[in-house]
Amino acid sequence: MSRHLVVFEDTGWRRLHPITLSRPTFDCRIGVTTLGRRLAAQFQQRELKRVDFLCRPALRPVVEREETGHTVNHPGEGDVLFVNGRVLLLGNALEDLVFLLDKAVAVERHGELVGARVTGPAARSFGHALLEALAAGEPAPFPPDHSVAGAPEGLRLVRHLWDLVAWNGEVLEDDFDWIPHAPYQRPPELAPGAQTLHRERLLVREGVQVEAGAILDAASGPIFLGEGVHVQHNAVVLGPAYLGPRTVVRVGARLEGPLSLGPVCRVGGEVHASLFQGHANKQHDGFLGHAYLGSWTNLGAGTDNSDLKNNYSTVRVWTPEGVVDSGETFVGLFLGDHSKSAIGTRFNTGTVVGFSSNVFGTGFPPKLVPSFRWGMGEEAYDLEKALAVARTVLARRQVAMEPADEVLFRDIQKTAAALEGPG
């Protein structure tokens, strides 16, 4: 029997709202890639035959498009390692997890299934059981006839978005230790007066440009620059940081890690300790800290978020399971895909903005702006108008909205309403 990995989604996706309204948990970004692709790369070093995925049915067409060459929602027989898509493996945790799974032990953390090894026809049945539980909104089941062990040290199970923000620096350091450096070993194109400090911790791919006066300093952590990254005049990037392919750092920007910016982002002003899923715009002045921006988002000029309360207490954040004390002192903005802010918008600590909302008005928006809202959240945003704007935004990056995207857009309106309430 050929061994392979199945990365599965469970009902923990609700706690990663709003980013997971439009993507599975394993597509959330951290370090130099996403949770799922990181797991796939780690396990493939152990010569697994293939990697497959299980996710919510509404997301399947999009995942099939993004994860070409992988089977989605078709669990097969064989020697299968099922691993939760919210799992993060640091240090030696991969070897420790595989050791437990090889003993036919189901692994748990917080009472939730982390992973299990199932063989033969039972693997197909267990895969379908995972999908059925996900569709029913029930926790992932544990396979029958398996003993249960606690997760090894070094394994993290992401429970909330602020976990991704808080752990990102540690993950970037871990990525630097195990990711092959060969694809990155290219000198950047430096204009006169540009500086790279601690170059032994600077990893660069093809086509990177660094203009006059810019500074890349990896003293506090490694810096990864993807293909075609463009750092403009007098911008400063302090590691640890990952800048995805074709990302542009605007003139005079101040970026301070830990940062993970996905592909084709436009970044200016002051950004600290944040994650951008990809295709996100924060081009102008304004402060963004300890935030997570979804894809196809845009922050208007002068948009700021607070990430620290004046009394230095931990930040409480709205979630679909109620308001939760994050346990973190620094928590900023969580902005769902296709949402935007007007010029001068000011977000309070721990503000959550859902999918495809347009935020503007005087004063602070509420701590929850539900999906498909207009202004300060009190007015509904017409779905057809939201779709028309989304098509325009995608076209500006030479991307066409496909039928699967539109179907998902409409499905998200129903899903978000059920999670967020009337607003």
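The values are calculated or read from the model by the stated rules, or taken from the named source; none is laboratory data. In this text, all values refer to a predicted model and were calculated from it rather than measured experimentally. Using ideal geometry, Cβ is built from the backbone for each residue, glycine included, and neighbour counts are taken over all protein chains shown.
Things worth noting here:
- Looking only at residues in region 149-192 that are among the β-branched types (Val, Ile, Thr) and modelled with pLDDT of 90 or more, the one that is nearest to residue 20 (Cα to Cα) is 158.
- Which listed residue is charged (D, E, K, R) and over 17 Å from residue 303 (Cβ atoms), from 270, 256: 256
- Selection of region 282-297 for residues being crowded, with 21+ Cβ neighbours inside 10 Å and touching a strand residue (DSSP E or B) at 6+ places or on another chain (Cβ under 7 Å) yields 282, 286, 288, 289, 290, 291, 292, 293, 294, 297.
- Screening region 309-423 for strands (runs of 3 or more DSSP E) wholly inside it with 3 or more residues that are outside the structural domain of residue 62 (by TED's automatic domain parsing) and surrounded by 13 or more Cβ atoms within 10 Å (Cβ to Cβ) returns the ranges 316-319, 333-335, 351-353, 373-375.
- Leading residue by the ranking (farthest from the chain's Cα centre (by Cα)) among those in region 105-159 that are farther than 14 Å from residue 9 by Cβ, assigned to a loop (DSSP other than H, G, I, E, B) and hydrophobic (A, V, I, L, M, F, W, C): 142
- Leading residue by the ranking (surrounded by the most Cβ atoms within 10 Å (Cβ to Cβ)) among those in region 172-196 that are in contact with a strand residue (DSSP E or B) (Cβ under 9 Å, 6 or more places away or on another chain) and assigned to a helix (DSSP H, G or I): 172
- Enumeration of residues in region 237-277 that are assigned to a strand (DSSP E or B) and of a type in the set (Val, Ile, Thr): 237, 248, 249, 267, 271
- Across region 235-250, a minimum of one residue is classified as more than 22 Å from the chain's Cα centre (by Cα) and either buried (at least 23 other Cβ atoms within 10 Å of the Cβ) or in contact (Cβ under 8 Å) with a residue 40 or more places away in the chain (or both).
Yes or no, residue by residue, for (1) out of contact with any Cys (no Cβ under 6 Å at 6 or more places or on another chain); (2) in contact (Cβ under 8 Å) with a residue 12 or more places away in the chain; (3) among the small types (Gly, Ala, Ser):
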residue: 136; (1), (2), (3): yes, no, yes
residue: 144; (1), (2), (3): yes, no, no
residue: 156; (1), (2), (3): yes, yes, no
residue: 159; (1), (2), (3): yes, yes, no
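- Within region 259-278, being in contact (Cβ under 8 Å) with a residue 40 or more places away in the chain and out of contact with any Lys or Arg (no Cβ under 6 Å at 6 or more places or on another chain) holds for 259, 273, 274, 276, 278.
- Of the residues making up region 240-258, those that are modelled with pLDDT of 95 or more and among the small types (Gly, Ala, Ser) are 241, 244, 252, 253.
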